[in-house]
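Read-outs throughout are calculated quantities, based only on the coordinates presented, and are distinct from any laboratory measurement. Worth saying up front: this structure is predicted, and the values here are computed from it rather than measured. Please note: Cβ atoms are built from the backbone with ideal geometry, for glycine as well, and neighbour counts cover all protein chains shown.
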């Protein structure tokens, strides 16, 4: 299998979690994804290729959200799930990359279980709600409940990507509507609601592990200011992409290199 990409399952807290591994390195890297309309099934090879830069030095782990979600689940609870999965696999002192909602989860992980984290990158995320994220998430929830999938996918593209990117790929929008339609609308809505439960700002000083915050100045989901305030509160390094937004981790050609260089210091 390409880059030793593999899909597996693990029993944690009486639940069976899907997770992906890839890479042949000796060091563990935990990647925590953002809000996802489709889950991680079938994504092992594509993710391994996207993050192939890490595969020689790391064995990469990416855990899906718990299979059964209760209404009102928080990103703090999701961090507990990641910690439990790491405990079950005997993973300690791992490097962590959290993107968007995954960055929210990573903050709780570093605060609650510092023994599990060596170095951490928090990308395009936030530590407390603001008007922008509340408006965006509420809009996605409303579109999902109305079954307006074309509207949802179009709005997500507009909010996530730069204008140049959206214009370039606009002809593919009908295909994206099919490919990115949530597999389970209720699950997507519950996960979207959980994005509004992050409230770590006053506890960011408890993060003692070396941390890099990466943000997009044009972020239309969490705002670029959210990245700046996090880095200032943690007292850590900050890298801002001036012309990019929430999908800087996909659009920036040097994103993986910046993450890799920081983690390898």
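A viscosity of 0.890 mPa s and a temperature of 25 °C, combined with the Kirkwood radius over Cα pairs in Stokes-Einstein, give a translational diffusion coefficient for region 1-134 of 163 µm²/s. Applying 0.36 nm per residue to the separation of residue 27 and residue 261 and subtracting their alpha-carbon distance, the gain on full extension is 82.8 nm. The length gained by stretching the chain between residue 196 and residue 217 to full extension, at 0.36 nm per residue less their Cα-Cα distance, is 5.5 nm. If you look at the Cα atoms of region 93-208, you get an Rg and a Dmax of 16.4, 47 Å.
Taking every DSSP helix (H) stretch of at least 4 residues in the chain, weighting each as -39,500 (n - 2.57) and dividing the sum by the residue count yields a mean residue ellipticity at 222 nm of -12000 deg cm²/dmol. For residue 254 and residue 38, compute 0.36 nm times the residue count separating them, minus their Cα-Cα distance, and round to one decimal in nm. Gain on extension, residue 254 to residue 38, equals 75.2 nm. In region 184-265, the ratio of gyration radius to Kirkwood radius, Rg to Rh, stands at 1.01 when only Cα atoms are counted. Taking 37 °C and 0.692 mPa s as conditions, the chain diffuses translationally at an estimated 177 µm²/s according to Stokes-Einstein applied to its Kirkwood radius (Cα pairs). Share of pairwise Cα-Cα distances greater than 17 Å in region 14-62 is 33 percent (whole percent). Looking at the chain alone, DSSP beta bridges between its own residues are antiparallel in about 35 percent of cases. Computing FRET efficiency as 1/(1 + (r/R0)^6) for residue 150 and residue 46, where r is the C-beta to C-beta distance and R0 is 25 Å, gives about 0.55. Label sites at residue 14 and residue 1, each approximated as a point 7 angstrom past Cα along Cα to Cβ, lie 3.0 nm apart. Taking every DSSP bridge with both residues inside region 10-76, close to 65 percent are antiparallel.
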